[in-house]
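Engineer: Just passing along the structure, written as structure tokens.
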Amino acid sequence: MTTVRTPPDWPATEEQARAVQDELRGRVVLDEPGPPPGAGRVTGVDVAYDDEHDVVAAAAVVLDAASLDVVAEATAVGRISFPYVPGLLAFREIPTVLAALDALPCPPGLVVCDGYGLAHPRRFGLASHLGVLTGLPTIGVAKNPFTFTYDDPGLARGSTAPLLAGTEEVGRALRTRAGVKPVFVSVGHRVDLDNACAHTLALTPEYRLPETTRRADALCRRALREATP
DNA sequence: GCGACAG
DNA sequence: ATCTTGTCGC
């Protein structure tokens with residue numbers, strides 16, 4: 001486990017944070033298909049908080065994309081670097097997530113984030129931000145539709161419906177388990193939407209949420225427990 | 001102006 | 001995100 005400090009140039013206000021998003025947004029790559037599902041490695045990242053002690057813990061868990069076996073994992077702990085503000089989640093999570101990714105003993109391959117990428121008020125959510133900062137292919141898989149709208153997809157696993165910001169498709173509601181609430185998939189960096197959905201399906205053989213985020217969620221909670229007095 | 005709002 | 005017991009089901 002590694003410890004992190006908030007970077008000295010980290011935005012201190014919401015206005016500064018939005019300006020950073022507006023500047024970095026132009027560096028997102030949307031015209032690559034991304035790695036094929038079921039091959040290579042897939043990494044889940046997630047974060048847990050203890051606002052009481054101002055502590056944040058992040059985890060990165062690398063899975064073999066074919067077997068979904070854990071290949072490597074790393075954690076990082078730090079101070080909370082930004083309050084939770086809808087639309088600015090990345091500034092709360094990224095420093096610690098970057099530290100966890102850096103601590104991995106192997107390349108992460110595709111990174112699956114717990115939240116959104118393109119589906120964001122300024123089209124630059126957590127997954128997009130992490131992708132631009134690392135250069136890695138990233139996608140976002142969220143549990144809630146945020147401010148977006150969608151029609152319920154068919155009940156069968158694999159059914160999808162557009163996730164809409166007005167008439168613009170910013171992601172997809174994807175049914176990963178028959179009859180269970182869908183997850184909300186959006187593109188981060190260097191992956192297209194069809195492929196992002198295909199990866200999400202490959203990562204959900206049994207549960208609604210991807211194995212990557214399930215593993216990372218369990219690990220960051222454990223890291224937080226062990227780091228908190 | 002008011003409410004809603006990824007995690 | 002987090003606060004939180006038991007409970008129903010495989």
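Engineer: Please state the charge dipole magnitude for chain A, taken about the Cα centre, from unit charges on C-beta atoms (+1 on K and R, -1 on D and E), reported in debye and rounded to the nearest 20. Can you show the working numbers first?
Structural biologist: Working: 22 positive and 28 negative charges, 68 e Å.
It comes to approximately 320 debye.
Engineer: Output ³J(HN,Hα) for the range A:119-128: one whole-Hz value per residue in order, computed from phi by the Karplus curve 6.51 cos²θ - 1.76 cosθ + 1.60 with θ = phi - 60°, and x for Gly and Pro.
Structural biologist: For the range A:119-128, the Karplus curve yields 6, 7, x, 10, 6, 8, x, 3, 5, 5 Hz.
Engineer: Another question, if that's okay. If you roll a 1.4 Å probe over the range A:127-229 with all protein chains in place, what percent of the accessible area is carbon or sulfur?
Structural biologist: 49 percent
Engineer: Hey, got a sec? Which GluC sites (Glu not before Pro) in the range A:149-214 land in a DSSP loop and have at most 15 other Cβ atoms within 10 Å?
Structural biologist: Taking the range A:149-214 and a limit of 15 other Cβ atoms within 10 Å, the loop GluC sites (Glu not before Pro) found are A:Glu206.
Engineer: Please state the relative contact order of chain A as a whole percent: Cα pairs under 8 Å, 6+ residues apart?
Structural biologist: 24 percent
Engineer: Can you give the % of DSSP beta bridges in the range A:1-135 that are antiparallel, to the nearest 5?
Structural biologist: Antiparallel: roughly 75 percent of the beta bridges in the range A:1-135.
Engineer: How much of the DSSP bridge set in chain A is antiparallel, in percent, rounded to the nearest 5? Intermediate results must be reported in sequence, preceding the final value.
Structural biologist: Numbers: 34 of 44 bridges.
The antiparallel fraction comes to roughly 75 percent.
Engineer: Can you give me the % of accessible surface on the range A:1-113 that is carbon or sulfur? Probe 1.4 Å, all protein chains present, nothing else counted.
Structural biologist: Its accessible area is 51 percent carbon and sulfur atoms.
Engineer: I would also like to ask the following. In square angstrom, what is the accessible area per residue of the range A:130-229 with a 1.4 angstrom probe?
Structural biologist: 44 Å²
Engineer: Under a 1.4 Å probe, what is the accessible area of the range A:15-69 per residue, stated in Å²? Provide the component values of the computation, followed by the final result.
Structural biologist: Values: 2700 Å² over 55 residues.
For the range A:15-69, the per-residue accessible area is 49 Å².
Engineer: What whole-number value in cubic angstrom gives the convex hull volume per residue for the C-alpha atoms of chain A?
Structural biologist: On the way: hull volume 26.4 nm³, N = 229.
Each residue corresponds to 115 Å³ of Cα convex hull volume.
The values are calculated or read from the model by the stated rules, or taken from the named source; none is laboratory data. Please read these numbers as outputs of a predicted model, since none were measured by experiment. Here the Cβ is made from the backbone with ideal geometry for all residues, glycine too, and neighbour counts use every protein chain on show. In case anyone asks, the SASA skips ligands and DNA or RNA and just uses the protein heavy atoms, side chains included. Shrake-Rupley method; radii C 1.70, N 1.55, O 1.52, S 1.80 Å.
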